[in-house]
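> I'd like to ask some things about the structure below.
What follows is calculated from the coordinates using simple rules that are stated; it is not laboratory data. Keep in mind the model is a prediction, meaning the values are calculated, not measured. Reconstructed Cβ throughout: ideal geometry from the backbone, glycine too, with neighbour counts over all protein chains shown.
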Amino acid sequence: MRRLSKGFTLIEVMVTMAVAAILLGIGVPSLVSVYESVRVNNNIEKINNIFLFARNQAISYGTTVNVCAFASTTSCGTNWGNGIRVYITRADSSEKELRVIDNFNPNDKLTGSSSTFTFSPEGLSSGATIIYCPGGKNSQSKSISVSSSGLISYGVDGKSCA
């Protein structure tokens, strides 16, 4: 009488591994684009929220609020990829930091139309555009626009980060 064997044969394991490799080869590239899409949506929402926060603080406290590319807790830089800093300048010329977004993914590229934007106590703005390109890809970029009237809105997709 034959005994029942338990387990898998080498051929069954090899066929399963081959099918899994083919599926991963097809699926992983599309997962990367999904991940980049989710990342750009989350980060552009963070940028939108920090501009809304800055405008609300300017109106609520009746002071000028500045938004700039983060360099350190006491200074602004030119690289928006390092993060975003929101602060006010007091009467004695000292700065009070209100909020900071830490650096973004190092593979992504952010560009701004200026290195510093301001919101007046009335909520008016110096105008701004921030473009976020995941992995430096212009085709998947998203942007935030701030008009001189202080209106903050999502801009046109697919702008160049050059």
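> Put +1 on the Cβ of each Lys and Arg and -1 on the Cβ of each Asp and Glu in the chain; which of Ala20, Ser5, Cys161 then has its Cα farthest toward the positive end of the dipole?
Ser5
> Let me ask something additional. May I ask for the angle, rounded to the nearest 10°, between helix 10-61 and the longest principal axis of the chain, with both axes built from Cα atoms and the value confined to 0 to 90°?
10
> So, how do all the Cα-to-Cα distances of region 1-96 break down into 10 Å bins, in percent, from 0 on up?
All Cα pairs, binned at 10 Å, distribute as 12, 24, 18, 11, 11, 10, 8, 4, 2, 0 percent.
> Which trypsin sites (Lys or Arg not before Pro) does region 79-122 hold that lie in a coil by DSSP with at most 15 other beta carbons within 10 Å? Spell out each step's value before the answer.
On the way: sites: Arg85, Arg90, Lys96, Arg99, Lys109; in loops: Arg90.
Here the sparse-neighbourhood loop sites are Arg90.
> Highest mean first, how do 101-108, 142-149 rank when packing is the count of other Cβ atoms within 10 Å averaged over residues? Spell out each step's value before the answer.
Working: 101-108: 14.8, 142-149: 17.9.
Going from most to least packed, we get 142-149, 101-108.
> P(r) for region 14-155, please, calculated from all Cα pair distances in 10 Å bins and given in %.
Going out from 0 Å in 10 Å bins, region 14-155 shows 12, 37, 26, 12, 7, 5, 2, 0 percent.
> Roughly speaking, what is the centre-to-centre gap between region 32-83 and region 115-143 when only Cα atoms are used, to the nearest Å?
Cα centroid of region 32-83 versus Cα centroid of region 115-143: 8 Å apart.
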